[in-house]
Structures are given as structure tokens and as C-alpha cells.
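Student: Have a look at this one before I ask anything.
Throughout, read-outs are computed from the coordinates displayed, never taken from laboratory work. This one's a predicted model, so the numbers in the text were calculated from it and none came from an experiment. Using ideal geometry, Cβ is built from the backbone for each residue, glycine included, and neighbour counts are taken over all protein chains shown.
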Amino acid sequence: MVYMSVQHENTPKSPAWSKNSLAQDPHAIEDKHKRVKMMFTAIARRYDLNNRLHSMWQDQVWRSRAVRAAQLTGNEDVVDVACGTGDLAMAFCKEKVRSVLGIDFTQAMLELAITKAKNAKLAIDYRQGDAMNLQLPDCSADVVSIAFGIRNVQEPHKALAEFYRILRPGGRLVVLEFSTPSNNCVRFINSFYTNRIMPLTATLISGDTSGAYKYLPKSIETFACAKELAEEIRSTGFIDIKQQAQSFGVCTITCGTKS
Ligand SMILES: C[S@@+](CC[C@H](N)C(=O)[O-])C[C@H]1O[C@@H](n2cnc3c(N)ncnc32)[C@H](O)[C@@H]1O
């Protein structure tokens, strides 16, 4: 079992996302990656609790469905990118796989992931790294997964190209990401909840001053919709693209295969 140590970073004092920065498209901001890292450093400690509460305990169901979507045969080397506190990496590790490697660029999230794996006695390797520049050889993974991560990456197309590069031919990509429900009524309720209620309650629970839970709805609203994401994955070279909407389309699992 290998647990890496991570460099210590202090919680930043100024907000990662101010009202001004969120008045524009946060994905177009030049230093988005820096702000994203600051934000996850600030909210890491209460990240899991906020996920469970605000998804009404559905987030782990979505992750287990993402694992199922990878169609494991028992021999896979899995790389979970933007692994955060490690929930998806742990879900993979509980299945029959050859290895699981979790990669994230925020050390505060990785530190929690390492502790959780250790407590659960799960053999997961964690490494600090950038989704857009994975320090892994070509054709070295059978499954690449990313949950609620691709939206946060500065240049998603670069990350997708990296996922394609490190996958072996026939390897599967599994992307779990928020999406917009197609039903008008569900969309209205979901939008009210994510824009009006969740920013208040999640900010309170995490004691956050980084603006993370104001960035969240804005970043979903301004990111590619599920159909556009599928198209971007296809244009990277993946074939056999399949999508499964979860919880009335609140999020979507998108899978692709490296030809
Ligand atoms: C919303 S969290 C998702 C964490 C986890 N996958 C989950 O299911 O809860 C997004 C994660 O993406 C990471 N991240 C964002 N951009 C990244 C990048 N370019 N490289 C590596 N990690 C990145 C952040 O540090 C954060 O931990």
C-alpha cells in the first residue's frame, strides 16, 4: 500500500470567487485553476458532509453507478482523476480491480483521501498531479474516471486528450458530471435549490469564505451541457459514447471507449 505525502499549503485569506469574478463566465477566467485549487483547499474539511447532505445521500449512488458503467472484468488498472477526497477511487477499489490510482492537484483534498483509504484498509495510491498533464505513460490504464472534476479543469479538452493518451486500446473513460434536467418542473426546482438554498446552507456548514458554493451553480450553468460534453469526448477520439442521466438529469454519466 503506498500513501504519498503532500506538500502543505495554507488556506488562502482572500476569496477565490468574488461577486465580480462570478458576474462573468468562470470557465473563461485565466487563473481559474488557481482559484479552483484555493477553493478546494478552503472547503476540503467539510466537502464530504456537504456532498452527502446536499445530494440527499445520492452522490454515493451516482458514484457506484459510475463504477458499474466502467464494466469491470476484474483486471483493470484504474486512474481516478480529480479524485478529491477519494470517494470514487474507494468505490473502484472495493470492486475486483488490479490497481487504483487517485490523482488530484489540491493537497488538502488528497490528505483526506489518504486518511480515508488508510482507515478503510484500501490499497489506493494517491498522487498530486494535474489532469491536463498526467505524469503517466501512454497506454497504461484500462479505466480513467473523473467525477465532478472535468468542469473544474482549466482546459477540459487538454484533460480529455490526456485521458485518451494514458488509456490502453479498448480502455474506458467514465465521466460523472452535473447536468441540467430536461423536465421543466424538475429543472425549476433544481435551479432554485442549487442557486438559492444550497449556497446558503453549504456555506454555513463549511464556514466557507472562498465563494465555493456560489461558484458551483454558476460553473454548472456555464459549462458544456451533457450533449456538448459527449461531443467533446467524441471529438477527442473516443467511440461508443453512452450517457445515463441520474436523478432526473441532475447529473449524467458519460462513457467512451478508446478505439
Ligand atoms: C468537485 S471535486 C470532485 C472530487 C471527487 N472526484 C468527488 O467525486 O467528490 C473536484 C476536484 O477536482 C480537482 N481538480 C480540479 N482541477 C484539477 C486539475 N487540473 N488537476 C487535478 N485535479 C483537479 C480539485 O482539486 C477537486 O478536488
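Student: Using only helices, what value at 222 nm comes out for the chain when you add -39,500 (n - 2.57) per DSSP H run of length 4 or more and divide by the total residues, to the nearest 500 deg cm²/dmol? Walk me through the numbers before you get to the answer.
Tutor: On the way: 9 runs with 105 residues, N = 259.
Only helices count here, giving -12500 deg cm²/dmol.
Student: Can you give the % of DSSP beta bridges in the chain that are antiparallel, to the nearest 5? Display every interim value, and only then the final one.
Tutor: Details: 15 of 34 bridges.
Looking only at bridges with both residues in the chain, the antiparallel portion is about 45 percent.
Student: Pull up the cross-link candidates among the lysines for Lys32, meaning alpha carbon to alpha carbon under 22 Å and not fewer than 8 places away within one chain.
Tutor: Lys32 reaches Lys13, Lys19, Lys158, Lys214, Lys218.
Student: Something else about it: Ranked from highest to lowest mean number of other Cβ atoms within 10 Å per residue, what is the order of the peptides 232-244, 155-167, 121-133?
Tutor: On the way: 232-244: 15.6, 155-167: 20.0, 121-133: 17.3.
Packing proxy ranking, top to bottom: 155-167, 121-133, 232-244.
Student: Share of Cα-Cα pairs in the chain beyond 22 Å, in percent? Display every interim value, and only then the final one.
Tutor: Details: 17616 of 33411 pairs.
Of all Cα-Cα pairs in the chain, 53 percent lie more than 22 Å apart.
Student: Another one. Would you mind computing, in nm to one decimal, how far apart the modelled labels at Ala28 and Ser182 are, each placed 7 Å from Cα along Cα→Cβ?
Tutor: In this crude spin-label approximation the distance works out to 2.9 nm.
Student: Enumerate the whole-percent occupancy of each 5 Å bin, from 0 to the last occupied one, for all C-alpha pair distances of region 114-211.
Tutor: P(r) over region 114-211, rounded to whole percents: 2, 10, 13, 15, 17, 15, 13, 10, 4, 0.
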